[in-house]
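Take a look at the structure set out below.
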Amino acid sequence: MRIVVAGGDGFCGWPTALYLSKQGHDVTILDNLVRRKMDDELRSNSVTPIASLEERVVKWKELTGKEIKTFIGDLNHYDFLKEVFRQTQPDAFVHFAEQRSAPYSMMDREHAVFTQTNNVIGNLNVLYAIKELAPDCHLIKLGTMGEYGTPNIDIEEGYLEVEHNGRKDKLPFPKQPGSFYHLSKVHDSHNIMFACKIWGIRATDLNQGIVYGLHTDETDMDPVLVNRLDYDGVFGTALNRFLIQAATGHDLTVYGSGNQTRAFLNIKDTVRCIEIAADNPADRGEFRVFNQFTEYFSVKELAEKVQKVADENGLPATITHLKNPRIEAEEHYYHAVNTKLRDLGLEPHLLTDEVLKGILDSVITNRNRVIKENVIPSVTWK
Ligand code: NAD
Ligand code: USQ
């Protein structure tokens, strides 16, 4: 298959591009490298020293003989995007290329506007490019479990059977997101669903949980291929952050009670889920939704798991409960369905002590790169 991986220089996109290339697909990366610029803006960095995209693909070719083509540019530049479509004629377009941090989107008006413009308009351009230049192309779009929020009922995969005043319908599951970033994903989902209906586009919306880990078999092949790993209060995510905090002697920063429950998956499962979606395309006109996670945990449970493994490895860690910088429910019901990817063959890598130790070990190697002032959260929702 000819596959474009938009956002292929990022945390999920880079290992996915390598994995799909390894499986024999003709992979092209599209990325405007804005995530690297955000590190400069925030005076932050990846814990792992990451090579330039050019160095990365050259090394991949050297090691495997496989070429990954690259296009450096922005989804919001439609002429550029059209040119990528003309040159690649993709069978599948994997769309990771969005601003993905909730705190970044809540910094101020400018960051909220940037997030929604970048994400919503970029995605709309992708829909138009598919319609105009590759109508049979399968859009594989990264959504997020946070689109649903934390309703007091089970979370289904995209749709809910509703009976109201004696009539029944299958409707999009209600969305109650918790940040302007998460809202951008909801807007994307609506636009994709509409485009599928009016133009007959085929699309899979992958409502992904929080991704942990960093390594895959491919990124492990050479230090030049190493994945980025975020830890700061803006881009770092719960489990990875706790591991980095344990490795650097920082308290584990649980926000509020820590009873907030979220869905998680290993980066190794992210790459496999994309392959499964690509191998089993949605039908023309179908807007398909998969919940892409393998397990869920409360934030406090995760901190306790990290504390235990860190302690066993000579790194005593303290769990601290910070005043929650976000507005979110800390006590809530959580049960989400995730059978569709499993039914198509996903075999989850579950979160074991061994997996935690593996991530911890790779963090320890680079812990002197952590900029300590960046660990405490600085963005509040109010
Ligand atoms: P990331 O920031 O590491 O990667 C995103 C990449 O997209 C970056 O390389 C960035 O330069 C690029 N990009 C952003 N806007 C662009 C634009 N307008 N044009 C071209 N390139 C652009 O993020 P990630 O963690 O790899 O997340 C990838 C996707 O998966 C995002 O859509 C995110 O919302 C979603 N997701 C991530 C997680 C997670 O835990 N990391 C969980 C659920 C969903
Ligand atoms: N949290 C802490 N301590 C921390 C960091 C986070 O307690 O140090 C808590 C937050 O308050 C929140 C939960 O952990 O309740 C998750 O926060 P997060 O920063 O790990 O994840 P989130 O903001 O939801 O965003 C991340 C990715 C985003 C993706 C989303 C998947 O950045 O791109 O869409 O996870 S999901 O959460 O399923 O929507």
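The values are calculated or read from the model by the stated rules, or taken from the named source; none is laboratory data. Nothing here was measured: the structure is a model prediction, and the numbers come from that model. Because the Cβ atoms are built from the backbone with ideal geometry, glycine has one as well, and the counts that use them run over all protein chains shown. Calculation scope for accessible area: heavy atoms of the full protein, side chains included, ligands and nucleic acids excluded. Shrake-Rupley method; radii C 1.70, N 1.55, O 1.52, S 1.80 Å.
A few points about this structure:
Residues checked against (1) over 24 Å from ILE359 (Cβ atoms); (2) within 12 Å of ligand 2 (Cβ to nearest atom); (3) of a type in the set (A, V, I, L, M); (4) touching a residue at least 24 places away in the same chain (Cβ under 8 Å):
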| residue | (1), (2), (3), (4) |
| --- | --- |
| HIS182 | yes, yes, no, yes |
| ALA195 | yes, no, yes, yes |
| ILE201 | yes, no, yes, yes |
| ASP205 | yes, no, no, yes |
| ILE210 | no, yes, yes, yes |
| GLY213 | no, no, no, yes |
| ASN227 | no, no, no, yes |
| THR237 | no, yes, no, yes |
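- Positions within segment 294-304 being open to solvent by less than 10 Å² (accessible area, probe 1.4 Å) and within 14 Å of ligand 1 (Cβ to nearest atom), in sequence order: LEU302
- Subset of segment 332-373 (residues that are assigned to a helix (DSSP H, G or I) and within 21 Å of the chain's Cα centre (by Cα)): THR339, LYS340, LEU341, ARG342, VAL355, LEU356, GLY358, ILE359, LEU360, SER362, VAL363
- Taking the conditions (1) away from ligand 1 (no atom under 14 Å from the Cβ); (2) open to solvent by 40 Å² or more (accessible area, probe 1.4 Å); (3) farther than 16 Å from CYS273 by Cβ in turn, LEU33 satisfies each one other than (1).
- Close pairs from segment 48-74: first farther than 21 Å from GLN23 by Cβ, partner at pLDDT below 95 and open to solvent by less than 40 Å² (accessible area, probe 1.4 Å), Cβ under 8 Å, at least 6 apart: THR48/SER362
- Restricting segment 130-148 to residues that are near ligand 2 (Cβ under 9 Å from one of its atoms) and small (Gly, Ala, Ser), the residue that is least open to solvent (accessible area, probe 1.4 Å): GLY143
- Look at (1) over 29 Å from VAL113 (Cα atoms); (2) open to solvent by less than 80 Å² (accessible area, probe 1.4 Å) and you find that TYR181 fails only one, number (1).
- Residues satisfying the stated conditions in segment 132-184, i.e. in a strand (DSSP E or B) and within 15 Å of ligand 1 (Cβ to nearest atom): LEU139, ILE140, LYS141, LEU142, GLY143, THR144, ILE155
Here is a yes/no grid of residues against (1) over 19 Å from SER362 (Cα atoms); (2) open to solvent by less than 10 Å² (accessible area, probe 1.4 Å); (3) within 13 Å of ligand 1 (Cβ to nearest atom); (4) at pLDDT below 95:
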position	(1), (2), (3), (4)
PRO223	no, no, no, no
ALA238	no, no, yes, no
PHE242	no, yes, no, no
ALA247	no, yes, no, no
HIS250	no, no, no, no
GLY256	yes, no, no, no
ASN259	yes, no, no, no
ALA263	yes, yes, yes, no
THR270	yes, yes, yes, no
